[in-house]
Amino acid sequence: PSPPGEESRSLDSLESFSNLHSCCPSSSELNSDAEEAVVAGASLGGPVPEPEGDKPAAGSQLLSASKERFPGQSVYHIKWVRWKEENTPVITQNENGPCPLLAIMNVLLLAWKIKLPPMMEIITAEQLMEYLGDYILDAKPKEISEIQRLNYEQNMSDAMAILHKLQTGLDVNVKFTGVRVFEYTPECIVFDLLDIPLYHGWLVDPQVADIVKAVGNCSYNQLVEKIISCKQSDNSELVSEGFVAEQFLNNTATQLTYHGLCELTSAVQEGELCVFFRNNHFSTMTKYKGQLYLLVTDQGFLTEEKVVWESLHNVDGDGNFCDSEFHLRPPSDPETVYRGQQDQIDQDYLMALSLQQEQQNQDINWEQIPEGISDLELAKKLQEEEDRRASQYYQEQEQAAAQVQQVQGAASPASGRQSGSNERKRKEPREKEREKEKNSCVLL
């Protein structure tokens with residue numbers, strides 16, 4: 001808590017937060033400037049989008065106009081979706097990439113704790129920060145004790161100090177023991193202050209004893225340091241432990257394990273709006289009828305009004321697209337759908353080959369390993385076997401991909417030859433008829 005003498009100064013600084021972005025125009029000014037840019041384009045002979053019909057063209061024109069109006073500022077498209085029978089905005093990510101600010105704002109927008117002007121199509125990062133800051137000030141509890149009030153104001157002051165980092169990234173360090181276990185950093189105060197749960201799914205399976213022992217209660221940064229230290233150790237047991245920890249990180253490079261996915265599904269409450277952290281990316285997540293879904297915020301789906309959520313049902317990241325009512329909705333672009341289906345067919349074929357190869361290889365024949373072998377030598381043998389399998393697996397993948405390309409490339413020439421042969425077959429009877437006509441006599 002803050003010292004009593006600094007209470008008034010702290011409140012003054014917090015209440016003046018809404019004036020920090022006075023240089024940033026309001027949403028009404030932004031929309032009016034964009035409309036003027038569209039009208040100016042029409043006067044110069046440019047295309048004029050329909051009021052309701054051609055929203056993508058209007059959106060791109062508004063975005064270019066806003067970038068000229070606000071140089072150096074991040075500008076985001078707004079996608080309006082039908083969420084629980086109410087028209088709700090969703091902030092989409094642009095070419096600048098993902099940031100935690102969007103995930104937090106989308107949680108607050110879907111919960112209707114923050115509302116944007118109707119039909120607003122673009123917004124700047126500074127405006128998002130202003131909306132978020134105003135919400136933090138307005139969400140201050142009313143009836144609390146003096147100690148709770150001082151603690152809340154201190155947390156609010158700390159959150160305001162790091163609020164600017166939401167535009168770029170937060171220092172979040174996961175621990176592998178629980179879906180809500182993170183190493184404490186000042187950045188985590190923002191989620192606590194906004195009452196937004198933060199989850200991850202990078203967990204160690206407690207049934208695998210050697211990995212549990214190697215990873216322990218380490219955070220990600222601590223585990224990396226431990227691996228480096230174990231590699232430099234003369235103790236064979238520590239070397240083996242470091243090898244096991246390194247293999248765990250390599251095998252779970254997607255930062256989501258099936259044990260973590262199961263724990264995540266159990267921990268998230270039905271209908272809860274939260275933030276999911278994975279691979280330095282923050283996503284808005286919810287749970288519907290026992291299934292987890294991630295909010296689709298890619299700007300490429302801006303015109304896909306029916307594509308709102310993507311299911312999170314495996315660790316590979318190939319979920320199914322759904323609408324706001326969680327009904328399956330593939331993208332409307334036929335080319336996109338075809339590409340997705342073809343990629344899935346190729347992936348299934350490669351997966352079948354890898355499973356077949358894995359079944360043929362089986363596990364190491366432990367009977368051939370001599371007795372009394374040290375942990376270091378055993379770890380080296382395991383590493384060699386793993387490298388051999390990985391090399392063979394990638395070779396099989398390359399060969400399979402080459403075969404798929406050959407089959408696809410040979411399809412059109414083969415059909416051409418077949419049609420040519422049929423054409424020759426059709427021509428042969430006609431030529432025989434012409435020869436008969438030449439050799440026959442005609443009586444006049």
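Here are some notes:
- Neighbours of Ala253, meaning other residues whose beta-carbon lies under 15 angstrom from its beta-carbon, give a summed charge of -2 when Lys and Arg score +1 and Asp and Glu score -1.
- The local environment of Leu163, defined by Cβ-Cβ distances under 13 Å, has a net charge of -4 under the rule Lys, Arg +1 and Asp, Glu -1.
- These residues, Met160, Met119, Met285, go from largest to smallest accessible area, 1.4 Å probe, as Met119, Met160, Met285.
- Local net charge near Pro186, Cβ-Cβ under 13 Å (Lys/Arg +1, Asp/Glu -1): -4
- Take His327: with every protein chain present and a 1.4 Å probe, its accessible area is about 90 Å².
- Estimated at 0.36 nm per residue, the fully extended path between Glu325 and Asp234 surpasses their Cα-Cα distance by 26.9 nm.
- Among 381-387, 150-156, the order from most to least packed when residues are scored by Cβ within 10 Å on average: 150-156, 381-387
- Largest to smallest accessible area among Tyr131, Tyr184 [probe 1.4 Å]: Tyr184, Tyr131
- Glu225 paired with Val181, simple spin-label distance in nm, labels 7 Å along Cα-to-beta-carbon: 1.8 nm
- If R0 is 35 Å, the Cβ-Cβ spacing of His313 and Val212 corresponds to a FRET efficiency of close to 0.85.
- Measuring nothing but how far apart in sequence close Cα pairs (under 8 Å, 6+ apart) lie, relative to its length, the stretch 235-291 scores a relative contact order of 27 percent.
- Distance between the C-alpha centres of the stretch 260-289 and the stretch 103-180: 18 Å, rounded to the whole angstrom.
- Counting 0.36 nm for each residue step from Ile162 to Glu86 and taking away their Cα separation leaves a gain of 24.1 nm.
- Trypsin sites (Lys or Arg not before Pro) restricted to the stretch 263-337 and DSSP loop, no more than 13 other C-beta within 10 Å: Lys289
- Exposure check, 1.4 Å probe, all protein chains in place: Ser283 carries approximately 20 Å² of accessible surface.
- Ranking of Arg388, Arg180 by solvent-accessible surface, largest first: Arg180, Arg388 (1.4 Å probe, protein heavy atoms only, all chains present).
- Accessible surface of Val212 - all protein chains present, 1.4 Å probe, nearest 10 Å²: 60 Å²
- Global geometry of the stretch 71-207, whether rounded, prolate or oblate, following the gyration tensor of its Cα atoms and the 1.5 cut on a/c: oblate
The values are calculated or read from the model by the stated rules, or taken from the named source; none is laboratory data. Quick caveat: nothing in here was measured; it's all calculated off a predicted structure. Reconstructed Cβ throughout: ideal geometry from the backbone, glycine too, with neighbour counts over all protein chains shown. SASA here: full protein model, heavy atoms, side chains in, ligands and nucleic acids out. Shrake-Rupley method; radii C 1.70, N 1.55, O 1.52, S 1.80 Å.
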